[in-house]
Number of protein chains: 2
Amino acid sequence: MKAELITIGDEILIGQIVDTNSAWMGQQLNLLGIEVYQVTSVHDNHDHIMKALAEAEENADLVLITGGLGPTKDDITKHTLCEYFGTELVFHPEVLEHVRSLLSSRNVNINQLNTDQALLPASCTVLHNSAGTAAGMWFERNNTIFVSMPGVPFEMEAIMTEEVFPRLTKLGITQSIVHKTVLTIGLPESMLAEKIEQWESALPDFIKLAYLPSPMMVRLRLSGYGTDQSELEAEIDRQVKKLLGIIPENVFGFDNDNLGLVIGRLLKESSRTLAVAESCTGGKIAHFITSNPGSSAYFKGGVVAYSNEIKNKLLDVPSEIIESFGAVSQQVAEAMAKGAQKVLNSDYSVATTGIAGPDGGTEEKPVGTVWIAVAGPSGIISKKYIFRHNRERNIIRTTHTALNMLRTLILTENS
Amino acid sequence: MKAELITIGDEILIGQIVDTNSAWMGQQLNLLGIEVYQVTSVHDNHDHIMKALAEAEENADLVLITGGLGPTKDDITKHTLCEYFGTELVFHPEVLEHVRSLLSSRNVNINQLNTDQALLPASCTVLHNSAGTAAGMWFERNNTIFVSMPGVPFEMEAIMTEEVFPRLTKLGITQSIVHKTVLTIGLPESMLAEKIEQWESALPDFIKLAYLPSPMMVRLRLSGYGTDQSELEAEIDRQVKKLLGIIPENVFGFDNDNLGLVIGRLLKESSRTLAVAESCTGGKIAHFITSNPGSSAYFKGGVVAYSNEIKNKLLDVPSEIIESFGAVSQQVAEAMAKGAQKVLNSDYSVATTGIAGPDGGTEEKPVGTVWIAVAGPSGIISKKYIFRHNRERNIIRTTHTALNMLRTLILTENS
């Protein structure tokens, strides 16, 4: 089964919002064995939407449409769908009732714009939107299914999960797609490709490999296509095992893992705790760690020590060290890491101090200069980096690098 | 001038990465007065790419293509472009020289895959990629320009900024588009629409209004189309002034402002400083503040107090209060805010304590229960919220709500 996604909204095309809906839908459909053939983003424009619908109907068995269903005047999707399917808007009292009760639970008075949301095309099946006021719509024509949903991500996700997937599952899909993603760190793309070249060439025809590079990391995605789900899974597992033999130290996780989750697992296994002392990363490392559910089991907390005064007062970094070596120095990074361990009473700690930019650089310490220290029960490791990027990327690279240093330290301590 | 974007890569269609390139390009092109007509995401597949190129050539004067140019085997864009334009790959020694020097600066050895990146279509103008090894390609046919770039965001951005925009500017564009976005907080979309209905109906024909809702906020985007840039800007400014008269308290900024920037400006104007004490937001507020350049001028730092021990030890929250009222309580939130002010020696502070989920909820304090306190030179304000979302959204809503409480407090103190 082939799907096509149409996202409607001027705000996407002028780049005011990033289209995260397509990625979410692509992931979910894949799990169901439905291949997304194309994503098309179009304007809030009658002719453009009509054209996109006609093209999608040609290519796909399932057309998922998001956006343009809000209560306001710039949203025209509903009227255009009526024209496309040769039907008209009719009043749905149960939808009005839902809009009314949802708004009242939010202490919002219902108005005419909300009331109009109960007007929906006569020929569609109305899909309940438990998370908002704009209902979804399910149309069928010839052998193609069309589903229209609001563009607000959590409303679209609610309709997909509660209304669309159960209906699709009933249709009985046979073709299976199995994905497995291997997360690597520490090897640039071309070096990685060279290391695994022989393994890659020997992959069976029905398994495709993709390289997905991002700062510090390359994700390797294996995709297997066929009819027998469990056979595909077994073959992919065999190939992943071979790969692990070639680059054991560079693989830090699989699929939706992230460094925070992996570190969390390592800490829980050994009943150890973590604290952070952040200067240039400004809370990013703590946020990265605490984004993961259950992190309170191993994360004690942290200090964001943006000023020297705080480094001294809260992390016990001696003022003399800051004065002698400067805030961005090995000595201060190590003192921050030790201070965090002691003050926050943790087994491990991570500390960062650097110049994220765009200001604050000097000839000796240019923007991007960072010292990272990680401390564990039996020692401390520190390292200097110079990241030559903008503020945002310098912060991200420092975060990833620091967390990978921590991961390596925990593995060493545990071995 | 009309542009169309084609993003190539299976990883986009299976949702493994979110396509942020299109949003960036859409924004930048708009500033140049070039309208993006459509974004199309297609597979790493020869036929599919050929079809997308042909369709884009029909619609657009400018076709920007990203993805599929890496050194690895799954990247087929270059070969497909050769076929589309009836040309062949030729060796470019200057590109090889660049690849070699870039890799050597990263201490990476050059290999055959890298060397092949110097093979580029004979009929294109090669665009220098200062940020990576995959060069950009500029083709012209009939009246359409095609530009192919790598999909890695910072490499694409480097080629666009350094090579594509200067060339496009030389082409002399006449049609102007002026956007202005008004950022509102505290009114749901339908209530906002009702409040500004008369103003909206009276907008001139050449100005379009769009509502862009996100958690806690609605952005209102005004877009004016015409030939006289300064006249458009003046008319949009007039309309924005009228709007400010209708909803003065709900507008917190414009265009690329964010709450952190706005708060930073308010603090700098009054020479005041800020500290944070975070439990459930786990560093997100500190990260939000420090993402903005220059934040070290007003941000002292913060404590991520995930455990009660840290709340007591670092923020001076009395243990008796935690024991009597629980960690998620008005008393603890206020004590954290006061503690942060005192310990971190700041004028203002923000404190959060709550249950982000998915675990940790009770009947009395369900997941999503949050206490927020903001303290300033002359007082403290605290408020309880119950956000009924997942962990990620609960953290974001708490962050935005806390920062908006802080903004309001600073405005009150300054008035």
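Here, each number is a calculation from the coordinates, and none is a lab measurement. Owing to the predicted nature of the structure, the values given are computational and were not obtained by experimental measurement. All Cβ positions, even for glycine, are placed from backbone atoms using ideal geometry, and neighbour counts span all protein chains on display.
Taking the Cα centre of the protein assembly as shown as the origin, how large is its charge dipole in debye, to the nearest 20, when only Lys and Arg (+1) and Asp and Glu (-1) carry charge on their Cβ atoms?
Details: 68 positive and 98 negative charges, 634 e Å.
For this selection, approximately 3040 debye.
On a C-alpha basis, how far is the centre of segment B:347-366 from the centre of segment B:228-262 in Å? Whole number, if you could?
34
Once Lys and Arg get +1 and Asp and Glu get -1 on their Cβ, which of B:L232, B:P121, B:W199 lies farthest toward the positive end of the dipole of segment B:106-235?
Working it through, the farthest residue towards the positive pole turns out to be B:P121.
State the extension gain, in nm to one decimal, for the chain segment bounded by A:T362 and A:H46, taking 0.36 nm per residue of separation less the distance between their alpha-carbons.
Numbers: separation 316, 0.36 × 316 = 113.76 nm, distance 5.54 nm.
The span from A:T362 to A:H46 would gain 108.2 nm if fully extended.
List the residues of segment A:34-71 whose backbone N lies under 17 Å from a point placed 7 Å from the Cα of A:Y225 along the Cα-to-Cβ direction.
A:34-39, A:59-62
What is the fewest-to-most order of A:C124, A:C280 by other Cβ atoms lying within 10 Å of their Cβ? Could the numbers behind the result be given before it?
On the way: A:C124 22, A:C280 27.
Ranking A:C124, A:C280 by Cβ neighbours within 10 Å, fewest first, gives A:C124, A:C280.
Principal axis extents for the protein assembly as shown, Cα atoms only, whole Å, descending order, please.
Here the spans come out as 69, 65, 58 Å, largest first.
Quote the charge dipole size of segment A:176-254 about the Cα centre in Debye, to the nearest 20; the model charges only the Cβ of Lys and Arg (+1) and of Asp and Glu (-1). Numbers along the way, then the final one.
Values: 8 positive and 11 negative charges, 41 e Å.
The dipole of segment A:176-254 has a size of about 200 debye.
Within a 10 angstrom radius of each residue's Cβ in B:198-211, how many Cβ atoms of other chains show up on average? Whole number is fine. It would help to have the intermediate numbers written out before the result.
Numbers: counts 0, 0, 3, 1, 0, 0, 0, 0, 0, 0, 4, 3, 11, 7.
Per residue, the average neighbour count from other chains is 2.
Rounded to whole Å, give me the distance from the Cα center of segment A:175-223 to that of segment A:69-128.
If we compute the Cα centre of each part, the gap is 45 Å.
Using a Gaussian network model of chain A with C-alpha springs under 10 Å, which one of A:N312, A:N404, A:N143 is most mobile by mean-square fluctuation?
Answer for the Gaussian network model of chain A: A:N143.
How about segment A:100-173: which trypsin sites (Lys or Arg not before Pro) there are in a DSSP loop, with at most 14 other Cβ atoms within 10 Å of their Cβ?
Those that pass, being in a loop and sparsely packed, are A:R106.
Whole Å is fine, so just give me how far the alpha carbon centre of segment A:277-308 lies from that of segment B:134-155.
What the calculation gives is 41 Å, centre to centre.
To check you understand DSSP bridge types, tell me what percent of the beta bridges within chain A (both residues inside) are antiparallel, rounded to 5. Please list the in-between numbers first.
Details: 46 of 73 bridges.
Taking every DSSP beta bridge with both residues in chain A, the antiparallel ones total about 65 percent.
Under 5 Å between amide H atoms, partner at least 5 residues away or on a different chain: which partners does B:V63 have, H built in plane at 1.01 Å?
For B:V63, whose amide H was placed from the backbone, the distant partners under 5 Å are B:E4, B:I145, B:F146, B:V147.
Of the beta bridges DSSP finds with both residues in segment B:2-170, what % are antiparallel, to the nearest 5? Please report the intermediate quantities before stating the final value.
Details: 11 of 28 bridges.
The answer is about 40 percent antiparallel.
Could you name the lysines whose alpha carbon sits less than 17 Å from that of B:K300, not counting residues in the same chain fewer than 8 places away?
A:K284, A:K311, A:K313, B:K268, B:K284, B:K338, B:K342
Report the net charge of residues surrounding B:S291, where surrounding means a beta-carbon distance below 12 angstrom and charges are Lys +1, Arg +1, Asp -1, Glu -1. The partial results should precede the final answer.
On the way: positive: A:K284, A:R391, A:R393, B:K284; negative: A:E392.
That works out to +3.
On a 0 to 90° scale, report how tilted helix A:46-59 is relative to the longest principal axis of chain A, with both axes built from alpha carbons and the result rounded to the nearest 10.
90
Once every DSSP H run of n ≥ 4 in chain A is given -39500 (n - 2.57) and the sum is divided by its residues, what mean residue ellipticity at 222 nm do you get, rounded to the nearest 500 deg cm²/dmol? Before the final figure, lay out the partial values.
Working: 17 runs with 168 residues, N = 415.
Value at 222 nm, helices only, nearest 500: -12000 deg cm²/dmol.
Please compute the average number of Cβ atoms from other chains found within 10 Å of each residue's Cβ in peptide B:19-26. All intermediate terms of the calculation are to be shown ahead of the outcome.
Values: counts 8, 4, 2, 7, 10, 2, 2, 10.
Across B:19-26, the average partner-chain Cβ count within 10 Å equals 6.
Show me the trypsin sites (Lys or Arg not before Pro) within segment A:354-415 that DSSP assigns to loop and that have at most 15 other Cβ atoms within 10 Å of their Cβ. Could you put the intermediate results ahead of the total?
Values: sites: A:K383, A:K384, A:R388, A:R391, A:R393, A:R397, A:R407; in loops: A:R388.
Taking segment A:354-415 and a limit of 15 other Cβ atoms within 10 Å, the loop trypsin sites (Lys or Arg not before Pro) found are A:R388.
Could you pull the Cα extents of chain B along its three principal axes, largest to smallest, in whole Å?
Sorted from largest, the Cα extents of chain B read 78, 58, 42 Å.
Over 5 Å intervals from 0, what percent of Cα-Cα pairs in segment A:176-254 sits in each interval?
3, 15, 29, 26, 15, 8, 2, 0
For a Förster distance of 45 Å, can you work out the FRET efficiency between the beta-carbons of B:F165 and B:E197, rounded to the nearest 0.05?
In this case the efficiency is close to 0.70.
Taking the DSSP beta bridges in segment B:259-414 as the whole, what percent of them are antiparallel, to the nearest 5?
Working: 14 of 24 bridges.
Restricted to segment B:259-414, the bridges split so that about 60 percent are antiparallel.
Would you kindly compute the Cα radius of gyration of segment B:2-170 and its largest Cα-Cα separation (Dmax), both in Å?
My reading of the Cα-based Rg and Dmax gives 15.1, 45 Å.
Quick one: net charge around A:G226, please, counting Lys, Arg +1 and Asp, Glu -1 for every other residue with C-beta under 15 Å from its C-beta. Numbers along the way, then the final one.
Values: positive: A:K180, A:K208, A:R238; negative: A:E35, A:D205, A:D228, A:E231, A:E233, A:E235, A:D237.
For residues surrounding A:G226, the net value is -4.
Using Cα-Cα distances under 8 Å and only pairs 6 or more residues apart, what relative contact order does segment B:94-156 have, in percent?
Working: 73 pairs, mean separation 15.2, N = 63.
The value is 24 percent.
Just add up the charged neighbours of A:L103: K/R +1, D/E -1, any other residue whose Cβ is under 13 Å from the Cβ of A:L103. It would help to have the intermediate numbers written out before the result.
Working: positive: A:R100, A:R106; negative: A:E97, B:E189, B:E194.
So the environment of A:L103 carries a net charge of -1.
To the nearest 0.05, what FRET efficiency results for A:S324 and A:S214 with a Förster distance of 35 Å applied to their C-beta separation? The partial results should precede the final answer.
Numbers: r = 38 Å, r/R0 = 1.08.
Calculated value: 0.40.
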